[in-house]
Amino acid sequence: MARRHERVGYGLPALLAVGLHALVLLVSVISLPARETPPESASIVQATLVSTETVTDQAQRAEEARQRAMARQAEEARQAEEQARQEAEAAAREAEREAAAEAEEASRRAAEEAAAEAARRAEEAEAEARQREQAEEQRQAAEAEAERRRQEEAEAERRRQEEAEAERRRQEEAEAERRRQEEAEAERRRQEEAEAERRRQEEAEAERRRQEEAEAERRRQEEAEAERRRQEEAEAERRRQEEAEAERRRQEEAEAERRRQEEEEAARLAREQAEAEMQRLIEGAEERVANAQQGQQAANDFIALVRRAVEQAWRIPPNVTAGTSVEIAVRLGPSGELFAAEVRRASGDGAFDRSALQAVEAAAPFAELRQLPAGIQRDYRQFNLRFTPGDVR
């Protein structure tokens, strides 16, 4: 008997407390949402009054309301649990005084039944809460869809109005454009008529000017023809005079050419005679080449030959004064060719100096130099000639 009372003192109170706690929790879960859920009419009224709220705002407020309800449910469950604990402790103390066996069995059955009932009611409450949430979500979705449709209809109405306004404006612009085109066409016709009138006047003026210009052109042509004839006659006269002058110049040039040829022929004959004379002198001097006197004679003969050749090639310019004199330095090569001829002492008359240089150049080469004795050829490859009117020394 002592063992039975000892077992009841430890196990039965705990079992009763657990059962009571479960029962209180089940009752609070089942009953509290029903008390906190607002009536359906209130939701409809709220949706009607807050029709401009967005779906996001409604969902946020619903979530906040749900969280507040859950907080209240948790607080009430805690209070109920505390009260149940206190009641359980009191009942446990009372139950210890009663018959342990009957209380334990009844408590066990009650706990099992209460737990099963609590589980069933919890499932029903959960299902009902889910249905209410789904209904609320469907309602909010329907309201959001209705709001979206209303906005779409409003947007469609606005677009129809805008399109109607745009169509009206297009028609007005088309009418204005048609009027502008008609006015432009009328203006273009007026301008074309004015342009045609201006062209007729310009053509008449141009025709008058063409006639005047044709008359002036005819007069200019007649005057030009008369001027051309005068110029042709003057040109013919000028050509006749030029031809006469050219003929006179040709005759003078022919005469000058004939004189030049005669002078050249005379110079050539004189050179040939001088060369022949030099040859004779050299041939005659070969017998005297053995001594210096004979060589000097040959050299003198060579200088005399050069002087005669230069005198024959010299053309003295006109109007040269009697005292004019120029000295020309002559340098020959080994075969008598002219290396250089330059004025050593000028006369002051450039034409006279040039004539002396030209005479030396015309008389060269002096091949007779090779016929001099080898010992004195080098001494006579460089010498000076002095030109005075009528004489070369």
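The values are calculated or read from the model by the stated rules, or taken from the named source; none is laboratory data. Bear in mind that the values here come from a model prediction, so they are computed numbers and not experimental data. No Cβ is skipped: glycine too gets one built from the backbone with ideal geometry, and neighbour counts run over all protein chains shown. Quick note on the areas: whole protein, heavy atoms, side chains included, nothing else; ligands and nucleic acids left out. Shrake-Rupley method; radii C 1.70, N 1.55, O 1.52, S 1.80 Å.
Just so you know, in region 101-110 the residues that are within 17 Å of VAL18 (Cα to Cα) and among the small types (Gly, Ala, Ser) include one that is surrounded by the fewest Cβ atoms within 10 Å (Cβ to Cβ), and it is ALA106.
The condition of being open to solvent by 40 Å² or more (accessible area, probe 1.4 Å), touching a Leu at 6+ places or on another chain (Cβ under 9 Å) and free of Cβ contacts under 8 Å to residues at least 60 places away in the same chain holds for only one of GLU76, GLU113, that being GLU76. Inside region 343-369, can you point out the residues that are within 27 Å of GLN296 (Cβ to Cβ) and either acidic (Asp, Glu) or exposed (fewer than 12 other Cβ atoms within 10 Å of the Cβ) (or both)? Once the filter is applied, which keeps residues that are within 27 Å of GLN296 (Cβ to Cβ) and either acidic (Asp, Glu) or exposed (fewer than 12 other Cβ atoms within 10 Å of the Cβ) (or both), region 343-369 yields only GLU368.
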